[in-house]
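Read-outs throughout are calculated quantities, based only on the coordinates presented, and are distinct from any laboratory measurement. These numbers come from a predicted model, not from an experiment. Positions of Cβ are generated from backbone atoms using ideal geometry, with glycine treated the same way; all protein chains shown enter the neighbour counts.
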Amino acid sequence: MAKKVFSRPKCLKEAIFHYCPGCGHSIAHRLVAEVIDELGIRGTAIGIPPAGCAVLAYNYLDVDMIEAQHGRGPAMASGIKRMLPDGIVFSYQGDGDLAAIGIAESFHSANRGENITIIFINNAVYGMTGGQMAPTTILEQKTTTTPGGRNKTSEGYPVKVCELLSSLDGTTYIERCAVNSPAGVNKTKKAIKKAFQCQIDGLGFSLVEILSPCPTNWKMTPIDSCKWIDTTMSKVFPLGVFKDNTTAVKKSREAAS
Amino acid sequence: MNKVLMSGNNIIGEAAIRAGCRFYAGYPITPQNELTEYMAEHLRTVEGGVFLQSESEIAAIHMITGASATGARVMTSSSSPGISLKQEGISSMAACELPGIIVNIMRGGPGLGNIRPAQGDYFQATRGGGHGDYRTIVFGPATCQELADLTMDAFDLADKYRTPVMILADGMMGQMMEPVIFKKPKPRQYNEKFMLRGAGHGKSKIIRGLILDPIDMEEHNWKLARKYQVIIDHETLHEEYKTEDAKLVIVAYGTSARIAKGAIKRLRDKGMKVGLFRPITLWPFPELKLRKLAEKINNFLVFEMSTGQMLEDVRLALQGYADIGFHGRPGGVVPTPAELANVVARHYEKKD
Ligand SMILES: Cc1ncc(C[n+]2csc(CCOP(=O)(O)OP(=O)(O)O)c2C)c(N)n1
Ligand code: SF4
């Protein structure tokens, strides 16, 4: 009999994604679900969906979930984790959610070294509200609120979250990936797994940034969107591990005890 | 039990911890810093206690919301400008039916205002404050003993109705010292099914306020409204002071009510029969109790450290039933009982 090599992750509910065709959110959800299954943390995980296209993430992920107001996920995650240190707490956030309205909450939860995980979807626009400029919109990129393209003198520069947060002493593991190719998807899954493992081991704050296509608001086909991540977006947001202090933190813990 | 002498801010902190509060988040602002500092000092000495100095009042309210979702008893505190920032989270807690205590030690406003005691946040507190169709239970304590008792009761009510409860005091109440006795807290009653602690081997839970279907959202609104009606029917508290023979009744809460009692003593010494009606719950406002008083008394005077906010609730209760006068000192001014006595005397003579 043929071996089954692909099936629905156990903690991905039997629901049809509401995401547009070619959207990176669906892939990211699936990866989170696979990692939760593989690490066996479905019973202890608590997820926090954002205000954004992923607001309904609780319809898909079969773990305990509590909605956050726009940008407040990391504050809520901090409160949950402090009261439930054995829980595996993650917030799932878009770029508007994390880097604009919620920058204070994400910055300071990172700086406190909260032992939480953030899955950060960077699609360079505000998806849910119809394609306005995000903090991560790149220069010259056209959005509904930058119809002439993002202009550095009036709109400033794209915010580089991994670079910013990895400069904080409180953070332990920070990586930027992209889900625009099978290899990228595999890498992203590894990063998500590493981030959750970092939390399970009690090593502190972890964040995975995922460059994620939004064909609808980029006004491109899904295939062109994937190409654009390679040709343009990842030039502004280079992929890679920005910080991995997991071994160092482990060692210093062992030395202390 | 022994009496202890403590300041208002510290009393709230001590009462909260005794009531089982195990998570506090807050951001410094005068005149309530002593409460934040009390929680920092004392929560770390109780098992499972967590204090977090947040990056903002917004973060604080969402931190306590998260902690509350896990089933912990939680509190945050601030003063007027910071309470404005918390409104997003208070609305969210009401929507998600999560219990939690918010303390507002009011100061002068609007804007940055000043750091003197004031009562200008009555509308914000009693009308919901944030967006959407919801209410917050609001206590207006007037003595240190009440600060202790009502803080403890606030936790019970928040659990009972799964809703945020606000303690609305002012800078004067926060700073003043009086001897208090801390009562024994009641055993907590809060069902585990409302707690988010990981699904284990069971069904996963969702806590949310986002309800996209308007018919479902409407039902949620009515469900909350029915809960608020039960609160209105069962939870109003008020005090009547020397109203039995009164010809004029002052309506005042919190610090204003303390001043009113001082004024009443002076007026009674001069033979004027003046009493006090003091709402203790500001929402629900003890409307029917006040109207009942109008069956025998026709002359009321509302006194607030604002330009007249509770005045509107008094009008809703008494318009058409009695005459309503008003005296207000906004902006952080705390009038003396002598000043109030003069004002009341003029109203008293006008009618008598
Ligand atoms: C306080 C507040 N302001 C604005 C909004 C409207 N809003 C919802 S989602 C969103 C932006 C979403 O963009 P992003 O975070 O990048 O996520 P995406 O939809 O692209 O995944 C905005 C502005 C809101 N829900 N709350
Ligand atoms: S608008 Fe963009 S981010 Fe939102 S679901 Fe569609 S493709 Fe995904």
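Cα extents for the range A:25-256 along the principal axes, largest to smallest and rounded to whole angstrom: 55, 35, 34. Among the residues of B:205-217, the average count of other protein chain beta-carbon atoms within 10 Å of the residue beta-carbon is 3. Peptide packing for A:13-20, A:77-84 was compared via the average number of neighbouring C-beta atoms within 10 Å per residue; ordered from the highest value, the list is A:77-84, A:13-20.
Most simply put, the range B:213-291 has about 50% antiparallel DSSP beta bridges, counting only bridges with both residues inside it. Within the listed set A:S154, A:S234, A:S212, the Gaussian network model of chain A (springs between alpha-carbon atoms below 10 Å) gives the highest mean-square fluctuation for A:S154.
Placing a pseudo-label 7 Å from each Cα along the Cα-to-Cβ vector at A:T153 and B:F123 gives an inter-label distance of 4.3 nm.
Ordered from longest to shortest, the equivalent ellipsoid semi-axes for the range B:239-351 are 18, 17, 12 Å, each the square root of 5 times a Cα gyration tensor eigenvalue.
Just checking the output field for A:43-51: average partner chain Cβ neighbours within 10 Å of each residue's Cβ? Let's see the in-between values first.
Details: counts 7, 4, 3, 10, 2, 4, 3, 0, 1.
What the average comes to for A:43-51 is 4.
Among the residues of B:86-94, the average count of other protein chain beta-carbon atoms within 10 Å of the residue beta-carbon is 2. With an a/c value of 1.5 or above and a/b not larger than b/c for the gyration tensor axes a ≥ b ≥ c computed over the alpha-carbon atoms, the range B:125-201 is described as oblate. Remark on the protein assembly as shown: Rg and Dmax equal 27.5, 103 Å (Cα only).
Which value in deg cm²/dmol, rounded to the nearest 500, describes the helix-derived mean residue ellipticity at 222 nm for chain B, given -39,500 (n - 2.57) per DSSP H run of n ≥ 4 and division by the residue count?
For chain B, the value works out to -13000 deg cm²/dmol.
Rounded to a whole number of µm²/s, how large is the Stokes-Einstein D of chain B at 25 °C and 0.890 mPa s, given Rh as the Kirkwood radius over C-alpha pairs? Mind dumping the intermediate values first?
Working: Rh = 20.8 Å.
This corresponds to a translational diffusion coefficient of 118 µm²/s.
Which of the trypsin sites (Lys or Arg not before Pro) across the range B:211-278 are loop residues per DSSP, with 11 or fewer other Cβ within 10 Å?
On the way: sites: B:K223, B:R226, B:K227, B:K242, B:K247, B:R258, B:K261, B:K265, B:R266, B:R268, B:K270, B:K273; in loops: B:K242, B:K247, B:K270, B:K273.
Listed in order of number, the matching sites are B:K270.
A straight Cα-to-Cα reach below 29 Å connects B:K247 with the lysines B:K261, B:K265, B:K270, B:K273, B:K289, B:K292, B:K296, B:K350, B:K351, residues fewer than 8 places away in its own chain not being considered. Pairwise Cα distances in the range A:31-146 exceed 19 Å in 46 percent of cases.
I'd like the antiparallel share, as a percent to the nearest 5, of DSSP beta bridges with both residues in chain B. Kindly include the intermediate steps, with their values, before the conclusion.
Values: 11 of 46 bridges.
Here the share of antiparallel DSSP bridges comes out near 25 percent.
Here A:K152 is the anchor, and the lysines within straight C-alpha reach of less than 21 Å, apart from those fewer than 8 places off in the same chain, are A:K142, A:K160, A:K235.
When a/c is below 1.5 the answer is rounded, else prolate if a/b is larger than b/c, else oblate, so apply that to the range B:1-113 with a ≥ b ≥ c taken from the square roots of the Cα gyration tensor eigenvalues. Oblate, because a/c is 1.5 or more while a/b does not exceed b/c. Highest-first packing order for the peptide set B:321-333, B:143-155 is B:143-155, B:321-333, based on the mean count of other beta carbon atoms within 10 Å. Placing dummy labels 7 Å off each Cα toward the beta-carbon, the span from A:I138 to A:F6 is 2.9 nm. Taken over the range A:123-187, the alpha-carbon convex hull comes to 118 cubic angstrom per residue.
Sparsely packed loop sites in the range B:1-107 (the GluC sites (Glu not before Pro) outside DSSP H, G, I, E and B with at most 16 other Cβ atoms within 10 Å) comprise B:E47. For the range B:239-351, DSSP calls about 20 percent of its internal beta bridges antiparallel. The spread of Cα positions in the range A:102-218, taken along each principal axis and listed from longest to shortest, comes to 47, 33, 21 Å.
Give the calculated FRET efficiency between B:A338 and B:R188 to the nearest 0.05, with a Förster radius of 60 Å applied to their Cβ-Cβ distance.
Values: r = 46 Å, r/R0 = 0.76.
E between B:A338 and B:R188, to the nearest 0.05, is 0.85.
Length gain on complete extension for the stretch B:Q319 to B:R291, per 0.36 nm per residue less the alpha carbon to alpha carbon distance?
Working: separation 28, 0.36 × 28 = 10.08 nm, distance 0.93 nm.
In short, 9.2 nm is gained.
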